[in-house]
Amino acid sequence: NLPSLFLWTPCFLWIRRTPDSKKRTGRPKAILQGRKGSDLPSRTDRRRPQKQEVCVGQPEPGSRGRRRRKRRMSAYGGAIVLASGELRFRPQSFSYCGHCDQYFMSCTCHGIPHAHDFNFKCLPRPPDGSTPQMLLRRWCSCVAQSSAMGRFEALKWYRDHASSKLRAISHKRDALNDMVEEYVARLPSDPHLPLLAKAIGIRGAPAEGAPRLAREARSAAASFVAGDWATVTRVGALLLNNAFQSSDCDRYPLADDELAEVFSAIDTLNKVLGLGYSDVGWCLAIENDRAPHATPVDVGASGRFRDVSAAPPQNTQCRCGSTTHKRTNHSSCPLNPKKAQRART
């Protein structure tokens, strides 16, 4: 009979001996692969670790790499552009109201749904020679950081559909431009012209809005083909959708797989912008303060694209407007009422 103590001992306390015949002999030697493919002992790696190749914008191993990454992000107040075109930034530092052009914490606009009609300002510009893949990845990273548009899984959509969409857009760019030109020619007689003119701020005769809508449609088409969807306004995406919907079905059949991919991309852009912009934000885009990364550059209907290369990033200035100290959290500002109250007490 076994003792009762042994019967009630939990199984994870049991110790299983290893037979002497199966015991390891000698000292194991772990071999790691160095930087240039050479085999180095593990002790050498622990004593003096080899450097690793790190992409631009990615943190390097160790505390020194973390400090270097922090400095690189602080160059634009917390924003970097990765080699893939993706933006890494703190959205609270770059979010501005599209109507009053104020920092989102200082916005006093009324009648706008929560977290709508905001755009990102003072972000680093796309690098020269950016490809459509890089620009589209930039748009997806901005959408993922948006409070309203973040419901759309932009990064997952990019991994699954970006390559096929961009390939189809590249092959059908001439057809898309023809659709836009035909639609622009029909705009003066379009029954929806009064509503479109009102959306871009025309208060006079609706016919006055036709030239501006034509410029907006061409600008949206150029940005859409270039992959720079971040500079397409909501009304621009709507005009692209209208141009495709009203085109000749015989000349541009949806039975064409590539045309179907183009229409699917336009529909995606139109719906995503509809998530982030209200009925008074038709002339807003995700990045409202820079020109499209397209050739040639065509200013849209709202005249929204302004050259801000010479202006310092506004997000590095204090919210009180002072230029003597550069803080985004207003904590060290001498005009901060909370700090003044603490000093009096």
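The values are calculated or read from the model by the stated rules, or taken from the named source; none is laboratory data. All of these numbers come straight from a predicted model, not from anything done at the bench. Quick reminder, even Gly has a Cβ in these numbers, built from the backbone with ideal geometry, and neighbours come from all protein chains shown. Surface areas here come from the heavy atoms of the whole protein model, side chains and all, with no ligands, DNA or RNA. Shrake-Rupley method; radii C 1.70, N 1.55, O 1.52, S 1.80 Å.
In table form, for the structure just shown:
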| item | result |
| --- | --- |
| Filter result (more than 19 Å from the chain's Cα centre (by Cα), among the small types (G, A, S) and open to solvent by less than 20 Å² (accessible area, probe 1.4 Å)) within region 222-249 | A243, S247 |
| Cβ pairs under 7 Å, 6+ apart, first in region 112-130 and modelled with pLDDT of 90 or more, second basic (K, R) | R125/R290; P126/R138 |
| Subset of region 260-286 (residues that are farther than 11 Å from T233 by Cα and over 17 Å from the mean Cα position of the chain (by Cα)) | A260, E261, V262, F263, S264, I266, D267, S278, D279, V280 |
| Sole exception among (1) at pLDDT 95 or above; (2) part of a loop (DSSP other than H, G, I, E, B) for S278, by number | (1) |
